[in-house]
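These notes are about the structure you will find just below.
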Amino acid sequence: MALYAIGDLHLSLTVNKPMDIFGSGWSDHVRRLEEAFSCLDPEDVTVLCGDTSWGIDLNESLEDFRFIDRLPGRKIILKGNHDYWWNTAAKMKRFFTDCGIKTIDILHNNCYFYGDYALCGTRGWFYEEEQTGHNEKILNREVLRLEASLKAAGERPVLAFLHYPPLYTGYRCPEIIRKLEEHHVRHCYYGHLHGPTHRRAVEGVVGQVGYSLVSADYLGFVPKKILE
Ligand SMILES: [Fe+2]
Ligand SMILES: [Fe+2]
């Protein structure tokens, strides 16, 4: 049994969205993911760190969910900025049940346990992208979601999973970092960064928290093993 993380699968089995906007490194990425996942066992758990499907609603993402469901092991998914299909947890759960999808769980204002660890997370916040609209309102909502998830962990050591990077070279999101540190998060896994931005990724301990980028193209479409 092992715990893995990977973000940004960017599946589009129904809508056929070209992935070359992220560069030539994405060629044949669905087959590469399938091949990498074939090494996992049914009892393994993988956290998918957002930007899972290009579908604009649950029905348009169904083939992507079916693809994920066929991959070995249990998957825990959280929201990315491109997950337009995202809905209330109740609606997503009902949709999965109605469609016979059995291996996908939703990380949203809650947490899951893996051995002694709590797996917490939310989409997060990205100052560089969210320039318009109710910035503060959305930021506060994300901080509250992260807090709700971290509180659900109780006294267990926490691994956090976010879509947006809380920091990278030349960038910090202090509100999110503060929450991670307050709750003594051991390690934070994040996605969202693609192609040339990989070189700005932070890998390693900053302050009290360890950070790792797990976007799929950064990992060569092979899930990162976190715990045995
Ligand atoms: Fe993203
Ligand atoms: Fe992405």
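The values are calculated or read from the model by the stated rules, or taken from the named source; none is laboratory data. In this text, all values refer to a predicted model and were calculated from it rather than measured experimentally. We place every Cβ from the backbone using ideal geometry, glycine too, and count neighbours over all the protein chains shown.
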Check Gly210, Gly220 and return the single one that is part of a strand (DSSP E or B) and either closer than 21 Å to Tyr117 by Cα or not hydroxyl-bearing (Ser, Thr, Tyr) (or both). Gly210
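Please tell me if Ala118 is in a strand (DSSP E or B) and either surrounded by 15 or more Cβ atoms within 10 Å (Cβ to Cβ) or out of contact with any Pro (no Cβ under 8 Å at 6 or more places or on another chain) (or both).
Values: in a strand (DSSP E or B): yes; either surrounded by 15 or more Cβ atoms within 10 Å (Cβ to Cβ) or out of contact with any Pro (no Cβ under 8 Å at 6 or more places or on another chain) (or both): yes.
Yes.
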Given the conditions (1) within 16 Å of ligand 2 (Cβ to nearest atom); (2) in contact with a Leu (Cβ under 8 Å, 6 or more places away or on another chain), every one holds for His194 apart from (2)
Looking at Tyr190, Tyr164, which one is closer than 21 Å to Ala2 by Cα and surrounded by 22 or more Cβ atoms within 10 Å (Cβ to Cβ)? Tyr190
Flag for Lys179 being basic (Lys, Arg), part of a strand (DSSP E or B) and either more than 27 Å from Ser53 (Cβ to Cβ) or modelled with pLDDT of 95 or more (or both): no
Of the conditions (1) surrounded by fewer than 18 Cβ atoms within 10 Å (Cβ to Cβ); (2) more than 16 Å from ligand 1 (Cβ to nearest atom), Asn81 clears all except one; give me its number. (2)
Restricting the stretch 49-66 to residues that are of a type in the set (A, V, I, L, M, F, W, C) and farther than 18 Å from Ala5 by Cβ, which is surrounded by the most Cβ atoms within 10 Å (Cβ to Cβ)? Phe65
Of all residues in the stretch 37-60 being within 16 Å of ligand 1 (Cβ to nearest atom) and β-branched (Val, Ile, Thr), which is nearest to Cys120 (Cα to Cα)? Val47
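Filter the stretch 167-179 down to residues that are crowded, with 19+ Cβ neighbours inside 10 Å and more than 16 Å from the chain's Cα centre (by Cα) and give me whichever is nearest to ligand 2 (Cβ to nearest atom).
Looking at the filtered set, the residue picked out is Tyr168.
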Which members of the stretch 148-174 meet the condition of being touching a Ser or Thr at 6+ places or on another chain (Cβ under 9 Å), assigned to a strand (DSSP E or B) and within 16 Å of ligand 1 (Cβ to nearest atom)? Phe161, Leu162, Tyr168
Looking at Lys75, Lys79, Lys102, which is the one that is under 18 Å from the mean Cα position of the chain (by Cα), part of a loop (DSSP other than H, G, I, E, B) and either touching a residue at least 24 places away in the same chain (Cβ under 8 Å) or within 16 Å of ligand 2 (Cβ to nearest atom) (or both)? Lys79
